Amino acid sequence: MYCRPATQASAVTCLHVCKDHRWSGVSRVLIDAAVKVAKEAHIPVVEAYPIDRDVTPSATGTGYASTFRKEGFEVVARSTAARPIICCYITGGHLTLGAIGSMTIMLR
């Protein structure tokens, strides 16, 4: 069982990208924006619950683990085989990886 330490965190819970803009890098821009907002708000941890396409071909509104990994996140646990808990710490203006409010970012 995964238990996040008692700390302030932000969660990217949804990355809704319209069909015309999918697979064009928009999710990466949204993830970067979420990290920037968290950094500016002095929130030390950003976590997400994406789908791991290496395990399942399912579509998702929560993003893909591979996209988050490309943006500096690391898998720290799994709620199921296909659903990792993925996060990063934000310290001193830099991202540092590690185990461990909610933020839904949408582009219409």
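The values are calculated or read from the model by the stated rules, or taken from the named source; none is laboratory data. In this text the structure is predicted, and so the values were computed from the model without any measurement. Glycine gets a Cβ as well: all are built from the backbone with ideal geometry, and neighbour counts include every protein chain shown.
Applying a threshold of 9 Å to beta carbon distances and a minimum spacing of six or more residues, or different chains, the list of pairs starting in the stretch 17-36 at a residue that is part of a loop (DSSP other than H, G, I, E, B) and ending at one that is surrounded by fewer than 12 Cβ atoms within 10 Å (Cβ to Cβ) and modelled with pLDDT under 85 reads 18/108. Among residues of the stretch 50-86 being among the polar types (S, T, N, Q) and under 12 Å from the mean Cα position of the chain (by Cα), the one that is farthest from residue 30 (Cα to Cα) is 66.
Here is a list: 67, 13, 60, 56. Which entry is out of contact with any helix residue (DSSP H, G or I) (no Cβ under 7 Å at 6 or more places or on another chain), surrounded by 12 or more Cβ atoms within 10 Å (Cβ to Cβ) and within 21 Å of residue 89 (Cβ to Cβ)? Walk me through it before giving the result.
Details: 67 fails: out of contact with any helix residue (DSSP H, G or I) (no Cβ under 7 Å at 6 or more places or on another chain); 60 fails: within 21 Å of residue 89 (Cβ to Cβ); 56 fails: within 21 Å of residue 89 (Cβ to Cβ).
One residue alone meets the criteria, 13.
Quick check: is even one residue across the stretch 85-92 of a type outside the set (A, V, I, L, M, F, W, C), at pLDDT below 90, over 19 Å from residue 16 (Cα atoms) and in contact with a Gly (Cβ under 8 Å, 6 or more places away or on another chain)?
First, pick out the residues of the stretch 85-92 that are of a type outside the set (A, V, I, L, M, F, W, C): 89, 91-92.
The next check asks that each one be at pLDDT below 90; those that pass are 89, 91-92.
From what is left, the residues that are over 19 Å from residue 16 (Cα atoms) are 89, 91-92.
The next check asks that each one be in contact with a Gly (Cβ under 8 Å, 6 or more places away or on another chain); those that pass are 89.
Yes, the stretch 85-92 contains a residue that is of a type outside the set (A, V, I, L, M, F, W, C), at pLDDT below 90, over 19 Å from residue 16 (Cα atoms) and in contact with a Gly (Cβ under 8 Å, 6 or more places away or on another chain).
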